[in-house]
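Okay, so here's the structure we're looking at.
The values are calculated or read from the model by the stated rules, or taken from the named source; none is laboratory data. What you see is a predicted model; the values in this text were computed from it and never measured. We place every Cβ from the backbone using ideal geometry, glycine too, and count neighbours over all the protein chains shown. The area values use the complete protein model at the heavy-atom level, side chains included, leaving out ligands, DNA and RNA. Shrake-Rupley method; radii C 1.70, N 1.55, O 1.52, S 1.80 Å.
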There are 2 protein chains.
Amino acid sequence: MVPVFSQSASVPVRLTDAMRSVFVELLVHGPLSRAEVARRLALSPSALTKVTKPLIEAGYLLEAAGESPATVGRPSQPLRVDASRMAFVGIKLTEDELFAVRTDLRATIQKEVARPLAGHEIDDVRGQIADVVGELTVPGRPLSAVGISLAGTATPSDPVVHTAPFLGWSQLPLAEMVEEAVSVPTVLDNDVRALTAAQQWFGEGVGHSSFALVTVGAGIGCGVVVGDRLVSGRSGATGLVGHLQIDDRGPLCERGHRGCARAYASSPAIRRSIAAALDQPDLTFDDCLAMAAGGHPVARRVFDDAGAALGQVVATVANITGPELVVLSGETVHMYNVCAEAFQAALIRHTHWTTTPVRVVVKPFAFNEWARGAAVAALQHLLLHR
Amino acid sequence: MVPVFSQSASVPVRLTDAMRSVFVELLVHGPLSRAEVARRLALSPSALTKVTKPLIEAGYLLEAAGESPATVGRPSQPLRVDASRMAFVGIKLTEDELFAVRTDLRATIQKEVARPLAGHEIDDVRGQIADVVGELTVPGRPLSAVGISLAGTATPSDPVVHTAPFLGWSQLPLAEMVEEAVSVPTVLDNDVRALTAAQQWFGEGVGHSSFALVTVGAGIGCGVVVGDRLVSGRSGATGLVGHLQIDDRGPLCERGHRGCARAYASSPAIRRSIAAALDQPDLTFDDCLAMAAGGHPVARRVFDDAGAALGQVVATVANITGPELVVLSGETVHMYNVCAEAFQAALIRHTHWTTTPVRVVVKPFAFNEWARGAAVAALQHLLLHR
DNA sequence: CCCGATTAGTGCACCCGGTCAACGAACCGA
DNA sequence: TCGGTTCGTTGACCGGGTGCACTAATCGGG
């Protein structure tokens, strides 16, 4: 447990469980007074002075300039973590690109890099990762951890990529290899789960002990948090909703399923459907979206179907896991605007009749959100499991 | 924490967290030596003597007559819990019947009672529950807890039934009322989750940190355990797979869904389908099952469709939650025998292609299993959350 | 303007649940 | 019989957390 906070600290700090949980509470729930943290974590007030003192002395916590909330009694002295105290690099690998960001402790992006992937050969990829990490590192400030996320089966608890179909990898000890190359603790994770982690600590999931994240983009993904814990099934296989059957007469997906979720709602499928129906093979997804927004009947229908498929996916996930909230995100969430009614109708229709539909929050998506997720996955792993 | 172990103990025991976890470990994982328990719970050997001594003295643990496992070194001294040290009553309420059992600590049924429910009027039900509890109680031996389960939204953390459609109840503080009537701590729970709890501690779930239970009977139900914790969504709404859409052309359910799981696989739906097709309204479910076993084409087809629907339900649950195992149970699981192939085919077909199908275990079901589940729910609540 | 009321934070003695280290116990095989 | 090995116990000790008494800082009211 020592390594987490000793590196680059003038005063090395020996971490106790209470210190860790206080730190995480302050990191996630923003500035809070000692008294408030004590109440939340069921600790005594005296424990809190004892715990926070070394963290403040070592520079991890700051006494935030407290604006008085105008109440009786002695005003509280809010504490916050010094987000700049640590730095992380998050990397998202896709079939043909590498996105990387450097973030601080609060997952604020400080620098970003995107570049094409030279190939899928592991040595090349390792080299590119090492280059990017070097590029993102500020000389005097060592990184605390590196996170790598990809579409495939991988978990932070395990340094090997089990399968990554789009990269053609299986049983690849990527974390070890990168760790060796860059000399920084490195953590792997599934891309959707990493994104869920980011939402859990720094996004819409804050304050919810259970929620689900559903992503739309090149595919449909899903991450689940239950009892404040990010679920990862056997070898990281959770939230595989991409091929959920919507009906049995719909469009075909690349695996030969008729009417599965990704055949309806993934961006390539939407584009293909409209392009094919109109015999305009060069239409882009954005063209399609514009057409739907403009009321074009074909585009409208395809997007309505996509929205309905998404609504059914969300309802199904909610029926099974019972989250307080579902966050909708992904590269093409903005399409929600043109299919909101279809989505809501399907959500209501497929929600089990004994409950009310889940609350759904649409979370706008920036292209570097995936890489940011990887950084948060690394951060969480460092703070919780070390 | 004191109340759990002090009642009726000649020597009152003050429980620590370690004592609780050691006790549960021994309860669930059978006789184990101190050394083994210490390893499993990451405690020191000395902690174990310290923890077990008072529990042995108070009669909660016994030194089991150790059959030597023939190994080098000093033979270990297995410990086991004295299952007779506590007694529980579990009650399952259905629309028109009340099933109740008395169990020991290991959920072994010692006495059972079943009787028709006089009505849904709360005072009558409360009275009947109190009668049954009295009937099941052995004079000298007070009960440790009473568990009540029903189809509807209820959680052990909360003494009120939120909704119980088949009983026509909503927002009913049943636990308080019963507790007052019988003077024993009383816990409510959803029936499927209670059954899942029983599987988790004393059934197929033992040894698995994540698994799902899918039940077939009058309806289709599902309970989920993730990270050793039984999932209960907002107000206990989880595992609502009954109306999962299987296709969009199938039979109608009572809520007007075409082709949902319960329209295919619930026992009333199966019976109705076959009775209607053959125009023999008096056929029973067992008649139908016998016909299918005998190769009758209509019955065969209906049961195959039911099996396929179940397979799809299991695959969907597994895709989303990623359990190590799925346990198949419920009043009519025995129908699995006549539709195993259809089930397996659907399971494979709907399992996400990046993973292998979950392991499925078919668990035979006795009619008092529901009530036993309620007893386990009470036991778990007493041991973990008190 | 002072004085209780109220809430926040600190210092210090203490407690108690665990570990550590040393040892005794009970088996094996040579 | 004796070393090897694992199990279990004992007693000293350690350290994280609590309890309590105290100080700090603000408010509203007489």
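For this structure, a couple of remarks:
- Filter result (within 8 Å of another protein chain (Cβ to nearest Cβ) and touching a residue at least 24 places away in the same chain (Cβ under 8 Å)) within the range B:208-230: B:S210, B:C222, B:V224, B:V226
- Flag not set for B:C288, criterion: modelled with pLDDT under 95, open to solvent by less than 50 Å² (accessible area, probe 1.4 Å) and more than 9 Å from chain A (Cβ to nearest Cβ).
- Check on B:G233, at positive phi, within 8 Å of another protein chain (Cβ to nearest Cβ) and not aliphatic (A, V, I, L, M): no
Condition check ((1) surrounded by fewer than 23 Cβ atoms within 10 Å (Cβ to Cβ); (2) more than 14 Å from every other protein chain (Cβ to nearest Cβ); (3) within 25 Å of A:P268 (Cβ to Cβ)) across all residues:
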position	(1), (2), (3)
A:P323	no, no, no
A:Q344	yes, yes, yes
A:P364	yes, yes, yes
A:A374	no, yes, yes
A:L382	yes, yes, no
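- Contacts under 9 angstrom Cβ, first residue in the range B:16-31 being farther than 15 Å from B:L43 by Cα, partner outside any helix (DSSP H, G or I) and within 15 Å of DNA strand C (Cβ to nearest atom), 6 or more apart: B:G30/B:P78; B:P31/B:A64; B:P31/B:G66; B:P31/B:P78
- Search result, residues across the range B:194-206 that are open to solvent by 10 Å² or more (accessible area, probe 1.4 Å) and in a helix (DSSP H, G or I): B:Q200, B:W201, B:F202
- A:R74 meets all of the listed conditions (1) more than 11 Å from DNA strand C (Cβ to nearest atom); (2) at pLDDT below 95; (3) not β-branched (V, I, T) but one, namely (1).
- Number of the exception - B:H352 against (1) of a type outside the set (G, A, S); (2) surrounded by 19 or more Cβ atoms within 10 Å (Cβ to Cβ); (3) touching a residue at least 40 places away in the same chain (Cβ under 8 Å): (3)
- In this structure, B:L98 does not qualify as open to solvent by less than 30 Å² (accessible area, probe 1.4 Å), free of Cβ contacts under 8 Å to residues at least 60 places away in the same chain, closer than 30 Å to B:L27 by Cβ and in a loop (DSSP other than H, G, I, E, B).
- When residues of the range B:240-272 are limited to those that are open to solvent by 40 Å² or more (accessible area, probe 1.4 Å) and modelled with pLDDT of 95 or more, the one nearest to B:D286 (Cα to Cα): B:R271
- If you go through the range B:144-180 and pick out every residue that is crowded, with 18+ Cβ neighbours inside 10 Å, of a type in the set (A, V, I, L, M, F, W, C) and not in a strand (DSSP E or B), you end up with 8.
- Residue count for the range A:235-249, restricted to those that are assigned to a loop (DSSP other than H, G, I, E, B) and without any contact (Cβ under 8 Å) to a residue 24 or more places away in the chain: 5.
- The residues of the range B:30-85 that are over 21 Å from B:D17 (Cα atoms) and of a type in the set (S, T, N, Q), listed by number, are B:S68, B:T71, B:S76, B:Q77, B:S84.
- Every residue from the range B:32-57 that is outside any helix (DSSP H, G or I), more than 17 Å from B:R74 (Cα to Cα) and within 13 Å of DNA strand D (Cβ to nearest atom): B:L43, B:S44
- In the range B:294-310, the residues that are away from chain A (no Cβ under 12 Å) and buried (at least 20 other Cβ atoms within 10 Å of the Cβ): B:A299, B:V302, B:F303, B:D305, B:A306, B:G307, B:L310
- Sole exception among (1) in contact with a helix residue (DSSP H, G or I) (Cβ under 9 Å, 6 or more places away or on another chain); (2) more than 8 Å from DNA strand D (Cβ to nearest atom); (3) part of a helix (DSSP H, G or I) for B:S84, by number: (1)
- Filtered by the rule that a residue be open to solvent by less than 20 Å² (accessible area, probe 1.4 Å), away from DNA strand C (no atom under 15 Å from the Cβ) and not in a helix (DSSP H, G or I), the range A:10-31 gives A:V13, A:L15.
- Within the range A:89-114, considering residues that are touching an Asp or Glu at 6+ places or on another chain (Cβ under 8 Å) and over 24 Å from A:R34 (Cβ atoms), the one farthest from DNA strand D (Cβ to nearest atom): A:A114
- When B:S209, B:S232 are screened for being of a type in the set (S, T, N, Q), surrounded by 24 or more Cβ atoms within 10 Å (Cβ to Cβ) and in a loop (DSSP other than H, G, I, E, B), only B:S232 passes.
- Filter result (hydroxyl-bearing (S, T, Y), within 11 Å of DNA strand C (Cβ to nearest atom) and crowded, with 18+ Cβ neighbours inside 10 Å) within the range A:34-71: A:T52
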